[in-house]
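What follows draws every value from the coordinates through simple rules; no lab data is involved. Quick caveat, the model's predicted, so the values are computed rather than measured. Backbone-built Cβ (ideal geometry, glycine too); neighbour counts: all protein chains shown.
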Amino acid sequence: MKENYAQALKQVLKYEGGYVDHPKDPGGPTNKGVTQAVYDTWRKSKDLSTQSVRNISDSEVATIYKNLYWDRISGDYLPSGVDFAVFDYAVNSGVSRAARTLQSIVGVTQDGVVGPETIEAAKTYVAMAVTNKRLAFMQSLSIWSTFGKGWSARIADVKAQIVALCG
């Protein structure tokens, strides 16, 4: 959700730390989780000269994370909690991989882009899972044969209401 970005960024930066240039890190020089290559590309897109990622400002970090990660996973539109989980995953392992994982979980086409279909599915996923578990419980009852038709109709209506509320 839109109002969650600042807190999500604060949390991600806690994990990302400061400047590093570890020889086994394929990203090369990195500061606050932003690689030199990403920083160079971002500065050039703003008609700014490149400089060492050591000198990245907090406002540049916030803008880069917002534009290249949060916005690309549609963080403003995902449910609270899901937004942070996917954002942190995207920062650490790539936007497309994070998006495809979310899409796999909520049962939509795994194209690596969090669009309207993925957002809608994420909003309804937990409510539908609860409702499906409820139906499975009811079906296990010895009185299912007596009340099952009515209960099935009720569950079908609950599912329709979930879709209406989440849409």
> Taking only DSSP H segments of four or more residues, each worth -39500 (n - 2.57), what value at 222 nm results for the chain once the sum is divided by all its residues, to the nearest 500 deg cm²/dmol?
Replying inline: -20000 deg cm²/dmol
> What is the Cα coordinate range of region 121-166 on the first, second and third principal axes, sorted by size from largest, in whole angstrom?
Replying inline: 33, 15, 9
> If you build a Gaussian network model of the chain, linking Cα atoms that sit under 10 Å apart, which residue out of 65, 89, 39 swings the most?
Replying inline: 39
> Counting pairs of alpha carbon atoms under 8 Å apart in space and at least six apart in sequence, what relative contact order in percent does the chain give?
Replying inline: 16 percent
> What FRET efficiency do you get for residue 19 and residue 47 if R0 is 30 Å and r is their Cβ-Cβ distance, rounded to the nearest 0.05?
Replying inline: 0.75
>> Give me the net charge for the shell around residue 37: Cβ to Cβ below 14 angstrom, other residues only, Lys and Arg +1, Asp and Glu -1.
In response: -1
>> With mean projected area of the Cα convex hull in nm² as the read-out, I listed [x] 12.3; [y] 8.7; [z] 9.6; which label goes with the value calculated from this structure?
In response: [x]
> Extension gain residue 141-residue 38, at 0.36 nm per residue separation less the Cα-Cα distance, in nm?
Replying inline: 31.4 nm
> Of the listed peptides 66-75, 156-165, what is their order by residue-averaged count of other C-beta atoms within 10 Å, with the highest listed first?
Replying inline: 66-75, 156-165
